[in-house]
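For reference, the structure is listed below as structure tokens.
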Amino acid sequence: MTAPHLPKVAGIDSPVPAPAHTSAPVAPSALAGENTGPAPTTAALPAPATGPPDEPPLSPLALNALVQDRLAGWIYDLTTLQELTERLARTGTLDDALHELLRAGSTLVGARRGLVTLRPDDGLAPPVTVGLGLGRSDLGHIETIPRPTSSAPPSPGAPPSYGQLLDDLPPVGDRSGTAHPDIAGEDGLDPRYREVAARLGYAASYAVPLESDPPSGSEDATGRLGAAVWLYDEPAEPTERQRHLIGLYCGYATEHLARLVELTRARETIATLREELLPSRLPRVAGVRLAVRHRPGPRGGGAWYDALPLPEGALGLAVGGITGSGPSAVAAMGRLRASLRAYAVMEGEDPVAVLSDLELLLRLTEPARAATALFAYCETVEDPLTGDRARKVVLAGAGHCPPLIIGDHRTEYVETSLSAPLGMLACWEAPSVEIEPAPGETLLFYSDGLLHRTGEAMDRAFTRLHKAAASVPRALRHDPDAIADHVLRAVLPPERPTEPLAGAAGAEAERERAAAEALTAAAAATGGDSGEDVILLVAHFE
């Protein structure tokens, strides 16, 4: 039997050697740039060791060097924490914040891999787990580690426990971490724990709880949000200095994560409400195939669409938006859409009458709001002389972008008359437009958010959309889903990947990300709102 591995100390590679801390912990507010008091003085330092009685005391020059070295260590630590917390504060999504937490923690404790899991005590948010240097299969292996016998049984529907990695943390209120410096040689660990560690190639771990500070004037902790653990490839454990730094960082990170959790909950609630107010499925009408793409904005806008079958085999198509954002705008959008459906059933063959009634209702019930809308009535007509059947579309718009018709021989905007949005004038009125799409042609209805999210001026955004529609390959022009996907890819800037890519793919992704950020900046400069809802409704006539 070989002798057990002796744990080694993991450190932070720094240009200035930083000695162990002996000062009081620094409040997280100091890391955000707040002035928490004067800088530490030499009086705050411990008296230097003078050695055995037979050795001479330290000279003033040596004592001054010791003080400067200690202060340099403090300055380095505070600078490092400030940089890491500023990077964390710039994250706007929960997933980005969790990845940044793991990357910063790996720097502070000197580990290469780790995972973080959020398990809020209130149980209102779904569990979230993110790994650093760990794949899905690795996380699956870690989930098989048995829970400690001393831990409480999991509640029904509880997220994965990740065994002793996270379940042997101190109780709520104690934010100190738990270290396993030598898993292979440590007594009392479950054999499955050692088996998983050997399979994944880590030899030590250090876990810290993610726990927020209690409210002002309260002695009770607000609850534990989750925990994070970092894995060492060799037997190791963090020093007291590293534990102090990661504790400060995790204290700030927990507050930031708690805000993002609440924001995510609110967005999910709005998204659920919005999806329930929009059509759950598209109708099937003879001779017309439909497809829709909906990308809601982060604040929950009031854009909407509709497709409903009407009497005598007709079809009603609508798209529009109401001013405002948030839950109130979503609720107003639902009321407006429901009203338009009722008017469409009663007088859909006259789109102008439908929008006129909708405008009157909006002025009476939503006097503080305005809305744009476009309604199209699609029907099959028969020529009384030849008996030929053709599709006829009658549409009217109220301040909304004109639809785009694409086919083998044309790609052009439908020339609708210029009209004001609903609720802007004392009495709205605009003429209707009639078109006859040929078999194989497609109509594109869209929200103005599709144009705004390009980050360009409106005239250039219209041109960009026209080029995207004209570039649809002929082999795809009979598939409305393929048309919708092609147009969105060609019009919208690419989304930033959550994880950086390597090699040529990474360079290309970085160029696309830079272009996306430039377009977003241009949108802000031109007054565009890059966070608006995107709706693309495609109607292909067979």
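The values are calculated or read from the model by the stated rules, or taken from the named source; none is laboratory data. Just so you know, these numbers come straight off a predicted model, no measurement behind them. A quick note on method: Cβ atoms are made from the backbone with ideal geometry, for glycine too, and the neighbour counts reach across all protein chains shown. The area values use the complete protein model at the heavy-atom level, side chains included, leaving out ligands, DNA and RNA. Shrake-Rupley method; radii C 1.70, N 1.55, O 1.52, S 1.80 Å.
Remarks
- For segment 302-313, 3J(HN,Hα) computed residue by residue from phi via the Karplus equation (6.51, -1.76, 1.60; θ = phi - 60°) reads x, 6, 8, 8, 7, 8, 9, x, 10, x, 6, x Hz, glycine and proline entered as x.
- In segment 303-401, the portion of solvent-accessible area held by carbon and sulfur atoms comes to 55 percent [1.4 Å probe, whole percent, DNA, RNA and ligands not counted].
- Label-to-label distance for GLU83 and ALA266 is 3.3 nm, based on points extended 7 Å past Cα in the beta-carbon direction.
- For segment 445-453, putting each phi into the Karplus relation 6.51 cos²θ - 1.76 cosθ + 1.60 with θ = phi - 60° gives couplings of 9, 8, 8, 5, x, 4, 6, 5, 6 Hz, in residue order, rounded to whole numbers and with x for Gly and Pro.
- Ranking GLU347, GLU211 by solvent-accessible area of protein heavy atoms (1.4 Å probe, all protein chains present), from largest to smallest, gives GLU347, GLU211.
- Shape summary: segment 218-316 maps onto an equivalent ellipsoid whose semi-axes, from the alpha-carbon gyration tensor, are 52, 18, 10 Å in decreasing order.
- Cα extents of segment 403-496 along the three principal axes, largest first (Å): 47, 38, 20
- As a calculated quantity, the FRET efficiency between GLU382 and ALA490 at R0 = 60 Å, using C-beta atoms, amounts to about 0.95.
- Two-site FRET efficiency, ALA62 against ARG335, from Cβ-Cβ distance with R₀ of 56 Å, rounded to 0.05: 0.10
- Extent of segment 293-390 along its three principal axes (Cα atoms, max minus min coordinate, largest first): 53, 31, 16 Å.
- Once the 1.4 Å probe is applied to the protein heavy atoms, segment 274-430 comes out at 46 Å² accessible per residue.
- What the phi angles of segment 405-415 give under the Karplus curve with 6.51, -1.76 and 1.60, with θ = phi - 60°, is a coupling list of 10, 10, x, 5, 10, 7, 9, 8, 7, 6, 7 Hz, glycine and proline written as x.
- The GLU415 and ARG259 beta-carbon pair, evaluated with R₀ = 51 Å, returns a calculated FRET efficiency of approximately 0.60.
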